[in-house]
Each structure stands twice: as C-alpha cells, then as structure tokens.
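Below is one structure. I have some questions about it.
Just so it is clear, none of the values below were taken in a lab; they were calculated from the coordinates. Owing to the predicted nature of the structure, the values given are computational and were not obtained by experimental measurement. Heads up, the Cβs are rebuilt from the backbone with ideal geometry, glycines too, and the neighbour counts pull from every protein chain shown.
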Amino acid sequence: MAVPLVQLTKNGVPLGAPASPSGRKPSWLKVKAPGGATYMQVQSLMRDLGLHTVCEEARCPNIGECWEHKAATFMILGSNCTRNCAYCAVGHGTPEPYDPAEPARLAQAVEKLGLRHVVITSVDRDDLPNGGAEAFAGCITEIRARLPEASVEVLTPDFKGSETALRIVMDARPDIFNQPRDDGTAVPSRTAGWALRARPARPRDGTPAQPRCAHQVRHHPGPR
C-alpha cells in the first residue's frame, strides 16, 4: 500500500515556500548570532587547549546553535589542509608541524564537556607518512582512557589509498568510521571497499562486532 506524502513545515510554513509578499525572509530561515554562555565556554576551552573544530574552520552557520548544545566536530592535525578543494572553506597551505600531544588535549576537552559521543575529522595531511592516521588512533585511545563509555566517530581523509593508514585507525576501534569518496573526474575514488577489507574491531566487551562504516560521496571537480 502506498504511503501518504507528508508535507514538511516549519512553524506552520511549508518548507520551500516562496518568500513573504513583503520580501522579508521568514523567521525560521534566520540564524541567531552566536554568543550564549555555553557557546563562550566551548570557545574558551578550544582556545585554551589549542584545538580546532570544523565548525569554525569551515565557517558553519549553525555553530551558535550547536555549541550551545555542546555539539562540535573536532578537527585535528592543524587548520591548514595540504589540498585546495573548491567546495571547502577550510584553509590550505603549509601545514603546522605534527603535534603528538594533541590527542591528549582533545580527550581533556571531551572530558570537560562531558560528551557521550565524539566526532573527529581532520584536514588532509599528505605531507605525513600515513596521512596523520596515528593522530586519529591516538585520539580514540586517549578518549577511551578518560571516558570509556563515550562513543567515538571518525571521518578520516582518503589517506591516498593507503591500507596501512586505514589499519592504524581501525585497530584503535572507532565506534563509527566514515570516509569521503571523491567522485570528481579529476580525483578518482580511492576508498571504495576499504571498510569491508578492514578487519573487525575488537569490541570492549569481547563479543564479535564490527564498527559501523559509511562513505560520504562528494561530487566536485577536485583540488585546484
């Protein structure tokens, strides 16, 4: 039997509806400027610990709302990407030196914020032997040591197709593994099937399990 269609609305206004006759944008389309108490707490913590978030570096318009709920995506390995993709607002250029102490500081932030689920991504670091895979593994390990019950989700670079780098991350047992797949003509897909070839993670309770894996498909013309 066919499922009836449901029209999505926001405050009684159908999504996608034309602007009001006055030309003013509807209230639900406007984003409040960040600056609440919790937002300032999160911002101060990131500054004190020398951490980056994709929320800031990618100029996300929802940062105010997310940070007020203590929701943020950590971005490790610095703020400069070694690639220059047209679709991305993250800075590019000469990357910062590798910081082996960053995972411990990130875990400290997670503990102070009392997070139950942690999301970690990074810039591309094609200058490092394993693309920075050790940093992802270090973050997972440090978080497990401080908050064993917290779940950890990682969104890694493609590591230039290195299965060695993938193994390093998977051996740290992330709860959720994501990896973008570039489908542009200039950059062929390097990651298809990686998660399926990765060996099962060692679950904390000793029962057979495998991390949840996913690909994010991005259509773009590739790095400039």
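So which lysines can residue 70 reach, going by Cα to Cα under 27 Å and dropping same-chain residues fewer than 8 places off?
10, 30, 32, 112
Using amide H atoms built in the peptide plane, which far-off residues or other-chain residues are under 5 Å from residue 79 H to H?
It is 96, by chain and number.
Which order do peptides 116-122, 167-173, 55-61 fall in by mean Cβ count within 10 Å, highest first?
Answer by packing, highest mean first, reads 167-173, 116-122, 55-61.
Further, regarding this structure: Could you order the peptides 92-101, 68-77 from most to least packed, using the average number of other C-beta atoms within 10 Å per residue?
So the order, starting with the most tightly packed, is 68-77, 92-101.
Taking H placed 1.01 Å from N in the peptide plane, check which residues at least 5 places from residue 121 or on another chain put their amide H under 5 Å from its amide H.
Distant-sequence amide H within range of residue 121: 74, 75, 76, 155.
Let me ask something additional. From the backbone phi of region 159-171, what are the Karplus-calculated ³J(HN,Hα) couplings (6.51 cos²θ - 1.76 cosθ + 1.60, θ = phi - 60°) in whole Hz, Gly and Pro given as x?
6, 6, x, 6, 6, 4, 5, 4, 4, 4, 5, 5, 5
Can you tell me the mean projection area, over all orientations, of the convex hull of region 40-121's alpha carbons? Units nm², please.
5.5 nm²
If you don't mind, another one. Enumerate the calculated ³J(HN,Hα) couplings along region 147-152 in order (Karplus 6.51 cos²θ - 1.76 cosθ + 1.60, θ = phi - 60°), each rounded to whole Hz, writing x wherever the residue is Gly or Pro.
Rounded to whole hertz, the list is 10, x, 8, 6, 8, 10.
May I ask for the net charge around residue 151, where only other residues with Cβ less than 9 Å from the Cβ of residue 151 are counted and Lys, Arg are +1 while Asp, Glu are -1?
Around residue 151, the charge tally is -2.
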